[in-house]
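Peer 1: Could you have a look at this structure, given as structure tokens, before my questions?
The values are calculated or read from the model by the stated rules, or taken from the named source; none is laboratory data. Quick caveat, the model's predicted, so the values are computed rather than measured. Every residue, glycine among them, receives a Cβ derived from its backbone with ideal geometry; neighbour counts consider all protein chains shown.
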């Protein structure tokens, strides 16, 4: 498993701290989470990269989005 670079670790810990604040009114809401540094700089780009890689593999294997993934817990984009 890869380790996080210091700047990514700082960003994710900052986000977790905001998400886990004791008082619900002080917690980060979904818009704050999605616009956070960690989400925009690391998480979402990695997610989109995985979706692209999956698309390429499916095209190489001649599969459409759903063929071969039903019943196996795979997520459809």
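Peer 1: Going by what's in this entry, would residue 4 be described as at pLDDT below 95 and surrounded by 10 or more Cβ atoms within 10 Å (Cβ to Cβ)? Spell out how you get there, then give the answer.
Peer 2: Details: at pLDDT below 95: yes; surrounded by 10 or more Cβ atoms within 10 Å (Cβ to Cβ): yes.
Against the criterion (at pLDDT below 95 and surrounded by 10 or more Cβ atoms within 10 Å (Cβ to Cβ)), residue 4 qualifies.
Peer 1: How many of the residues in segment 18-44 are within 24 Å of residue 5 (Cα to Cα), under 16 Å from the mean Cα position of the chain (by Cα) and loosely packed, with under 11 Cβ neighbours inside 10 Å?
Peer 2: The total comes to 1.
Peer 1: Can you find even one residue in segment 40-55 that is touching a helix residue (DSSP H, G or I) at 6+ places or on another chain (Cβ under 6 Å) and either modelled with pLDDT of 95 or more or part of a helix (DSSP H, G or I) (or both)? Can you show your working first?
Peer 2: In the first step, residues of segment 40-55 are kept if they are touching a helix residue (DSSP H, G or I) at 6+ places or on another chain (Cβ under 6 Å); the result is 42.
With either modelled with pLDDT of 95 or more or part of a helix (DSSP H, G or I) (or both) added as a condition, the list becomes 42.
Within segment 40-55, one or more residues are touching a helix residue (DSSP H, G or I) at 6+ places or on another chain (Cβ under 6 Å) and either modelled with pLDDT of 95 or more or part of a helix (DSSP H, G or I) (or both).
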